[in-house]
Amino acid sequence: MSKEIVFSAETLAVVNKLIKRYPEGRQKSALLPVLHVAQAEFDGWLSSDVMDYVASILEIKPIEVYEVASFYSMYNLKPVGKCLLEVCQTGPCMLNGADDLVAHFEKKLNIKVGETSEDGMFTLKTVECLGSCGTAPMLQCGADYHENLDETKADALIEKLRAENKRSRYC
Amino acid sequence: MGRKLLLEHINVPGIETLEVYRKMGGYSAAEKAIKTMQPDDITEEVKKSGLRGRGGAGFPAGMKWSFIDKKSEKPRYLVCNADESEPGTFKDRYLMEKIPHSLIEGMLVSSFALGAKTSYIYIRGEYFYVLRILEKAIEEAYAAGLLGKNIFGTDYSLDVHVQIGAGAYICGEETALLESLEGKRGNPRMKPPFPAISGLYASPTVVNNVETIAAVPHIINITGDEYAKIGVGRSTGTKLISASGHINKPGTYEIELGLTVEEFIYSDEYCGGIKGGRKIKAMIAGGSSVPILPAHLITKTANGEDRLMTYESLSDGGFVSGTMLGSGGFVIMDETACIVRHTWTLARFYHHESCGQCSPCREGTGWMEKVLHRIEHGHGSMKDIDLLVDIAKKIEGNTICPLGDASAWPIASAIRHFREEFEYHILHPEKVKDPKHFAHEPFVSSKLENV
């Protein structure tokens, strides 16, 4: 049922290029970027099988991958919806209406923060400062920043993402 | 109009491309430095310029460079800290996005000065789209022979790579950043040894902020002495300020250090005044970690002098009545803002971002978040206020890295200057039920009335 966990030849070439950026024997340095690549390749999250595979590619122990994957907030250790809506909620965004924006998404998608919509399309997540304080409130979906949001723009974004029906990815 | 260096050409169409950047004089500083100067002369110029680290700490950049261990036989590294994650700060993102080559040229000059042959830019994971812009710029630079082997026909060669993070504020701390660059959790290291002796791969390393590195070519172009003439006293040069919150014109501005805070907030050239013509209530001058200031201490110091946008003037009065320039993350709150709610979001931020190595920070940030949550939601008691002060005191100075201090200062200062507002939340739980309690009916403290 689940697809075999192997990078495509194309992805493997990207990964090998990443590894070459570091001195000989320091291939572990490529772990963060390679985990991003793996997450994008394998449905937007890192299963233990995927992490074991990354460990084998980088010739490091699986535990070295687990401890890193569990430290950084952008790695998903559980399946997520096709579009991960990451709404910033820290100080400057809060001052400019982040609370209302989160409440609006909860109502519109009929889910709470941390949950995935029934159709598997959206996961709503609150995140800490994304460096977009001058264009608050905002959210990140994949590599894209959606800034200066209000309810109308938020609704339009949801419609657009639904119509595109693509998995969001950072890379 | 203040003098512009970093953003002088920001509005030139196509300035993100190598072609236009060079037309506007780009890479002339790199050529001058590599062809006609000795590495140590560059460090000397940077020392003369008085340039201070623009990431937040404000440590003299030239001095930091001079600490690098030259006796070591290991390779030396320059690592650019582009992990910009301090709430209220988005200046580096702006610079990298709009003029990526200014950072690449800065990396080239700085790496040459330090004797580094490989350099890394560590950028926060969320800035993936900026990573693509930087990678494109680097590709252009390689194709033009500005990176790679025998740059400008000399025997100097340099490789620059961008490393992507994955969501961790702590990686802005330089040793946590190095751990992360080595493919590990971002746990800050014990110091000493400092990175200049034992940094990336235990080799001599200098870690500098994006803006610091991008300032170096300008120093080479106009000389360190000229650069030092801009500004006031030990606050030399220009600084990028990212302004947000309740102002009419949020955005990134380049200022000459020494501008008055009043002009920065109210003039149309910068923030353009407070939204809706409302009254100002509070200011965070240098990112969320620095102490918050109440209205009466924003444009004037406690001594009644004009408050200036300098390292010294902003910290005038210490933590009793002053703050810090920090990263230049400038956040303004008007009278409708709830200080308790804002402080709670910051406490939540630091709790989320604590790496968990040191117990005062790991536990303390969580306690502060919980206590602030209950005060903000109308379940606090009077002794909670002193409890917060006590926790903050016990974190401060008791952790490996400054995240502990950074979590304590905003809370301690909010209570110092806005204690009445915390008490109001505790005494009137029914009034704070609605999360936007002060948006409709501003809380007016006696201090605010006196402004």
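Before moving on, here are some points about what is shown:
- Subset of A:17/A:166; B:275/B:431; A:17/B:136 violating a 18 Å alpha-carbon distance limit: A:17/A:166; B:275/B:431
- Degrees separating the helix B:128-143 axis from the principal Cα axis of chain B, which is the longest one: 10
- Pairwise FRET efficiency - residue B:190 versus residue B:10, Cβ, R0 = 41 Å, nearest 0.05: 0.50
- For the pair the range B:238-263 / the range B:14-32, the C-alpha centres are spaced 26 Å from each other.
- Paired Rg and Dmax values of the protein assembly as shown, which use every Cα atom, in angstrom: 23.9, 73
- Only one residue of B:50, B:187, B:127 has its Cα farthest out toward the positive end of the dipole of the range B:18-224, where Lys and Arg carry +1 and Asp and Glu -1 on Cβ, and that residue is B:50.
- Charge dipole magnitude, Cβ of K and R +1, D and E -1 - the range B:355-406, Cα centre, debye nearest 20: 120
- For chain A, the longest site-free run once GluC sites (Glu not before Pro) in DSSP loop states with at most 12 other Cβ atoms within 10 Å are removed: A:60-117
- Simple Cβ-charge dipole of the protein assembly as shown, Lys/Arg +1 and Asp/Glu -1, about Cα centre, in debye nearest 20: 680
- Look at the dipole of the protein assembly as shown built from charges on Cβ: of B:346, B:61, A:81, the Cα furthest out on the positive end belongs to B:61.
- Residue B:394-residue B:420 FRET efficiency (beta carbon distance; Förster radius 22 Å; 0.05 resolution): 0.35
- Rg and Dmax over the alpha-carbon atoms of the range A:64-124 stand at 13.5, 40 Å.
- Beta bridges per DSSP, both residues in the range A:83-164: antiparallel share near 50 percent.
- Here chain B yields Rg over Rh of 0.99, to two decimals, using C-alpha coordinates and the Kirkwood radius.
- Spin-label pair residue B:132/residue A:13, simplified geometry with 7 Å Cα→Cβ offset, distance in nm: 1.9
- Inter-part distance where the range B:267-346 and the range B:156-235 are each reduced to a Cα centre, Å: 27
- Antiparallel bridges, percent of DSSP beta bridges restricted to chain A (to nearest 5): 50
- Each residue, residue B:57 and residue B:305, gets one label point 7 Å from its Cα in the Cβ direction; the gap between the two is 2.7 nm.
- Start at zero, step by 5 Å, and the Cα-Cα distances of the range B:171-264 spread as 3, 11, 15, 15, 11, 15, 16, 10, 3, 0 percent across the bins.
- Considering only A:158, A:16, A:142, the residue lying farthest towards the positive end of the dipole of chain A is A:16, judged by Cα position with unit charges set on Cβ.
- With all pairs of different C-alpha atoms in the average, the Kirkwood value for the hydrodynamic radius of the range B:1-150 is 16.4 Å.
- The antiparallel fraction among DSSP beta bridges confined to chain B stands at about 45%.
- Within 10 Å of the Cβ of each residue in B:337-347, the mean number of Cβ atoms contributed by other protein chains is 3.
- Cα-based helix-to-principal-axis angle, A:9-19 vs chain A, degrees rounded to 10: 80
- FRET efficiency, residue B:20 to residue A:60 (Cβ-Cβ, R0 45 Å, nearest 0.05): 0.55
- The mean number of Cβ atoms from other chains found within 10 Å of a Cβ in peptide B:86-93 is 5, as a whole number.
- Peptide A:26-37 - average C-beta neighbours from other chains (10 Å radius): 5
- Cysteines without a disulfide-compatible partner [chain A; Cβ-Cβ under 4.7 Å]: A:83, A:129, A:133, A:141, A:171
- Within straight-line cross-link reach of residue B:383, lysines at Cα separation under 19 Å, skipping those fewer than 8 residues along the same chain: B:370, B:393, B:394
- When +1 charges are put on Lys and Arg Cβ atoms and -1 charges on Asp and Glu Cβ atoms, the dipole computed for chain B relative to its Cα centre reaches about 440 debye.
- Alpha-carbon spread of the range B:324-431, three principal axes, descending order, Å: 40, 30, 21
Values quoted throughout were computed directly from the atomic coordinates according to the rules given, and no laboratory measurement underlies them. Being a predicted model, the structure only gives us computed values, none of them experimental. When we count neighbours, we look across all protein chains shown, and the Cβ atoms used for this are built from the backbone with ideal geometry, even at glycine.
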